[in-house]
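Student: To start, I am sharing the structure in question, which I have written as structure tokens.
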Amino acid sequence: MDAVRIAVFVSGQGRGSNLQAILDACADGRIPGRVAVVIGTRAGAPALERAVAAGVDTAVVSPRQFAGGEDEYGDALLSVLREHGVDLICLAGYMRLLPKNVVAAFRHRILNIHPALLPFFGGRGMYGHHVHEAVVESGMQVTGCTVHLVDEEYDRGPILLQTVVPVLPDDTAETLAARVLPAEHNTYVEAIRMVAGGEIEVRGRRAVVKKAPGGASSAGRS
Ligand code: GRF
């Protein structure tokens with residue numbers, strides 16, 4: 001099987017730790033693919049610098065440069081994706097809603113990582129420290145991260161994989177974010193491996209591991 005060609009999307013000043021986890025996992029074979037391009041919304045983002053350091057192509061496509069709005073922004077993204085022969089898109093700190101024409105062209109082939117257990121603590125405005133602050137204030141004793149397929153709404157598509165992380169009594173948003181982040185890296189790599197390996201099937205709102213011949217689930221998870 002050819003290596004899956006991945007595009008990673010980042011936003012603004014994205015620091016790119018999830019991107020780095022994906023780059024490392026492609027390099028050591030945990031993900032059967034390679035990052036073909038990293039697409040940002042603003043030049044100079046640390047995440048783009050990480051891509052350059054890894055010898056990966058980068059592109060900056062700023063939504064503001066398109067007078068024609070979302071469709072035109074989406075067309076520009078699609079042309080970068082085509083140019084790099086992209087099979088799979090991974091959002092890693094991309095803060096916007098993807099244009100609908102991109103979602104339609106890559107249906108079930110776009111992943112996002114969210115730093116909480118969806119469907120809680122997600123949706124518009126729920127990003128970065130806002131998520132962890134809301135979790136701490138809620139009194140929840142567990143949080144975690146979620147990798148899901150992307151549809152037309154924030155944080156709504158079928159859930160691929162989640163990891164639970166404890167919330168401790170003295171946590172602040174910062175200490176909690178620091179505990180969740182390594183779980184994000186591991187969970188994202190594993191979810192990408194599953195999707196890139198063709199192990200996932202979407203049934204309505206559910207993403208399930210396909211049954212191998214003989215009835216066992218191919219990844220020991222159903
Ligand atoms: C992560 O917390 C991720 O869950 C969210 O944006 C953040 C990106 O961090 N979607 P990084 O740039 O990957 O370090």
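Student: As a check on your grasp of the helix formula, calculate [θ] at 222 nm for the chain: sum -39500 (n - 2.57) over DSSP H runs of n ≥ 4, divide by the residue count, round to the nearest 500.
Tutor: The helix contribution divided over the chain gives -10000 deg cm²/dmol.
Student: Choose one answer from A92, A51, A76: the residue with the largest mean-square fluctuation in a GNM of the chain with alpha-carbon springs under 10 Å.
Tutor: Among A92, A51, A76, the largest mean-square fluctuation in the Gaussian network model of the chain belongs to A76.
Student: Order of 12-20, 32-40 by packing, highest average Cβ count within 10 Å first?
Tutor: Those peptides, ordered most packed to least, come out 32-40, 12-20.
Student: Compare S11, S79, S62 in a GNM of the chain, Cα atoms joined below 10 Å, and give the one with the largest fluctuation.
Tutor: Maximum among the listed residues: S79.
Student: Near I6, within a Cβ-to-Cβ distance under 14 Å, what is the net charge of the other residues, with Lys and Arg +1 and Asp and Glu -1?
Tutor: Here the charged neighbours net out to +1.
Student: Among 103-113, 201-211, how do they line up by average Cβ neighbours within 10 Å per residue, starting with the highest?
Tutor: 103-113, 201-211
Student: Accessible area per residue, 1.4 Å probe, Å², for the stretch 23-87: what's the number?
Tutor: On a per-residue basis, the stretch 23-87 sits at 51 Å².
Student: A further question follows. Leaving out ligands, DNA and RNA, what percent of the accessible area of the chain is carbon and sulfur, probe 1.4 Å?
Tutor: In the chain, the share of accessible area belonging to carbon and sulfur is 51 percent.
The values are calculated or read from the model by the stated rules, or taken from the named source; none is laboratory data. It should be emphasised that the depicted structure is a prediction, and the values quoted were computed from it without experimental measurement. Backbone-built Cβ (ideal geometry, glycine too); neighbour counts: all protein chains shown. In case anyone asks, the SASA skips ligands and DNA or RNA and just uses the protein heavy atoms, side chains included. Shrake-Rupley method; radii C 1.70, N 1.55, O 1.52, S 1.80 Å.
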